[in-house]
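Working notes, beginning with the structure itself.
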Amino acid sequence: MGIYDCHTHTIHSCDAGLTPMRACLDAKEKVLAGIVFTDHLETRPSDLCYGRFRLAEAKSDYRLASEETGVRVGYGLEITYGSDRQTELTEAIAELSPGFRIGAVHYVDGTLIDEHFKKADSLKPYFQEVFSCVSSGLFHCLAHLDYFNKITDRFRDYTRKYRPWIEEIINALLDTRTLPEVNTSALRRGLEQPMPGPDFLELFRKAGGERIYLGSDAHRRGEVGWGFERTIKMIRGLGLSVQEPPENCFF
C-alpha cells in the first residue's frame, strides 16, 4: 500500500502559490504513491476564496501535471462546512463532483476560526459545527480537528475537558464512515504534534476507529508530504493505518 498526500492546495485556491506541476514534482521527490489536489470550495460570499475555483481549468492543469510527471493525481476539494449553508453545499458538491471530499470547519458564528480562537473561552461552538459537519455524511474526511492548537495553547487538554463532545464526534465519524485527517501543517509551524495528535487518535482507535487520511495541507513549494515519515510512525504506533484515497477520484 502506498502513501498519498490527501490534502494539497494549488494556484486554483485563492491562498496558495503552488502549481500542480510543482506539487507533483515534490510528491515524486518524496516518493509518494500519489497526490490529491483539494483546492478550496467556499459557499460563504464574504470569504476570500468564494467563486474563485474554476473546475475546467483546474482539472486540465491537474491532468497535465499527472501526465507529464507520471505521478498519480486525484481530484478533490476542501469544502468549508457551515450548518447554515447546507443547501449551497449540497448543490455545489453535485455540480463539481469531487472524487474526494474534505469537510472543514473554517467559521464559527460567522467569524473565521483564525480570529475566533484568539479570543474564544470555549470550544463548544466549534465542536457543535464539527459534529454537524461529520453528521451530514457529505464528506470522506474531516480536516484538522484541533486546528485551534495552531492559534493558541489554551486548549491543549481539550480531549479531557471536552470529552463528551469528542466522544460524540468520534461516534459520528464511525456512524458516517468519515475518517479524520491527520494534518501535518502544524509541524511546519513548529508544533510538536500534527492535527489531531495522539490524544484524540487514541480515543478514536479505542472507540473502534482503524484508519485515517494523511495530508500536508501544502500551499507552497516544498510542503507536499511534509513530516509524513514522523507522523506515519506515530499513527502506526497507535495501532491505526493510513487510508488510500477513493479510487474514483483519480484521473
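Can you tell me which residues in the stretch 85-97 are crowded, with 16+ Cβ neighbours inside 10 Å and not small (Gly, Ala, Ser)?
Initial filter on the stretch 85-97 (crowded, with 16+ Cβ neighbours inside 10 Å): 85, 89, 92-93, 96.
Residues satisfying the conditions are ARG85, LEU89, ILE93, LEU96.
The residues listed here are PRO180, PRO196, PRO245; of these, the one that is farther than 20 Å from TYR107 by Cα, in contact with a strand residue (DSSP E or B) (Cβ under 8 Å, 6 or more places away or on another chain) and buried (at least 23 other Cβ atoms within 10 Å of the Cβ) is PRO245.
Given the options PHE100, PHE37, PHE53, name the one that is hydrophobic (A, V, I, L, M, F, W, C), buried (at least 23 other Cβ atoms within 10 Å of the Cβ), out of contact with any Cys (no Cβ under 8 Å at 6 or more places or on another chain) and under 29 Å from THR176 (Cα atoms).
Working: PHE100 fails: out of contact with any Cys (no Cβ under 8 Å at 6 or more places or on another chain); PHE53 fails: buried (at least 23 other Cβ atoms within 10 Å of the Cβ).
It is PHE37.
Closer than 27 Å to THR90 by Cβ, of a type in the set (Ser, Thr, Tyr), at pLDDT 95 or above and assigned to a loop (DSSP other than H, G, I, E, B) - does that describe any residue in the stretch 18-41? Checking the stretch 18-41: not a single residue is closer than 27 Å to THR90 by Cβ, of a type in the set (Ser, Thr, Tyr), at pLDDT 95 or above and assigned to a loop (DSSP other than H, G, I, E, B).
Mind checking which residues of the stretch 149-191 are more than 20 Å from ARG101 (Cα to Cα), in a loop (DSSP other than H, G, I, E, B) and not β-branched (Val, Ile, Thr)? Steps first, please.
Step one: list which residues in the stretch 149-191 are more than 20 Å from ARG101 (Cα to Cα), which gives 149-168, 186-191.
Now drop any that are not in a loop (DSSP other than H, G, I, E, B), which leaves 151-157, 162, 189-191.
Those that are more than 20 Å from ARG101 (Cα to Cα), in a loop (DSSP other than H, G, I, E, B) and not β-branched (Val, Ile, Thr): ASP153, ARG154, PHE155, ARG156, ASP157, TYR162, ARG189, GLY190, LEU191.
Mind checking which residues of the stretch 79-109 are part of a helix (DSSP H, G or I), touching a residue at least 12 places away in the same chain (Cβ under 8 Å) and not charged (D, E, K, R)? Selection gives GLN86, LEU89, THR90, ALA92, ILE93, LEU96. Which ones in the stretch 201-225 are more than 14 Å from LEU187 (Cα to Cα) and of a type in the set (A, V, I, L, M, F, W, C)? Across the stretch 201-225, the qualifying residues are LEU201, LEU203, PHE204, ALA207, ILE212.
Please enumerate the residues belonging to the stretch 180-191 that are more than 23 Å from SER13 (Cα to Cα) and out of contact with any helix residue (DSSP H, G or I) (no Cβ under 7 Å at 6 or more places or on another chain).
To start, the set of residues in the stretch 180-191 that are more than 23 Å from SER13 (Cα to Cα) comprises 190-191.
Once the filter is applied, which keeps residues that are more than 23 Å from SER13 (Cα to Cα) and out of contact with any helix residue (DSSP H, G or I) (no Cβ under 7 Å at 6 or more places or on another chain), the stretch 180-191 yields only GLY190.
Can you tell me which residues in the stretch 192-227 are in a loop (DSSP other than H, G, I, E, B) and either farther than 25 Å from SER13 by Cα or modelled with pLDDT under 95 (or both)?
The initial filter retains those residues of the stretch 192-227 that are in a loop (DSSP other than H, G, I, E, B), namely 192-194, 196-197, 207-210, 216-217, 219-227.
Answer for the stretch 192-227, where residues must be in a loop (DSSP other than H, G, I, E, B) and either farther than 25 Å from SER13 by Cα or modelled with pLDDT under 95 (or both): GLU192, GLN193, GLY197, ALA207, GLY208, GLY209, GLU210.
The set of residues from the stretch 67-84 being surrounded by fewer than 22 Cβ atoms within 10 Å (Cβ to Cβ) and touching a helix residue (DSSP H, G or I) at 6+ places or on another chain (Cβ under 9 Å) comprises GLU68, THR69, GLY70, VAL71, ARG72, GLY82, SER83. Can you find even one residue in the stretch 111-126 that is under 17 Å from GLU42 (Cα atoms), modelled with pLDDT of 95 or more and either of a type in the set (Ser, Thr, Tyr) or not in a helix (DSSP H, G or I) (or both)? Checked the stretch 111-126: at least one residue is under 17 Å from GLU42 (Cα atoms), modelled with pLDDT of 95 or more and either of a type in the set (Ser, Thr, Tyr) or not in a helix (DSSP H, G or I) (or both). When the criteria are applied in full, HIS116 meets the requirement of being under 22 Å from TYR50 (Cα atoms), in contact with a strand residue (DSSP E or B) (Cβ under 7 Å, 6 or more places away or on another chain), free of Cβ contacts under 8 Å to residues at least 12 places away in the same chain and surrounded by 14 or more Cβ atoms within 10 Å (Cβ to Cβ).
The values are calculated or read from the model by the stated rules, or taken from the named source; none is laboratory data. Note that the structure is a prediction, hence the values are computed from the model and not measured. For neighbour counting, all protein chains shown are included, and Cβ atoms are generated from backbone atoms with ideal geometry for every residue, glycine included.
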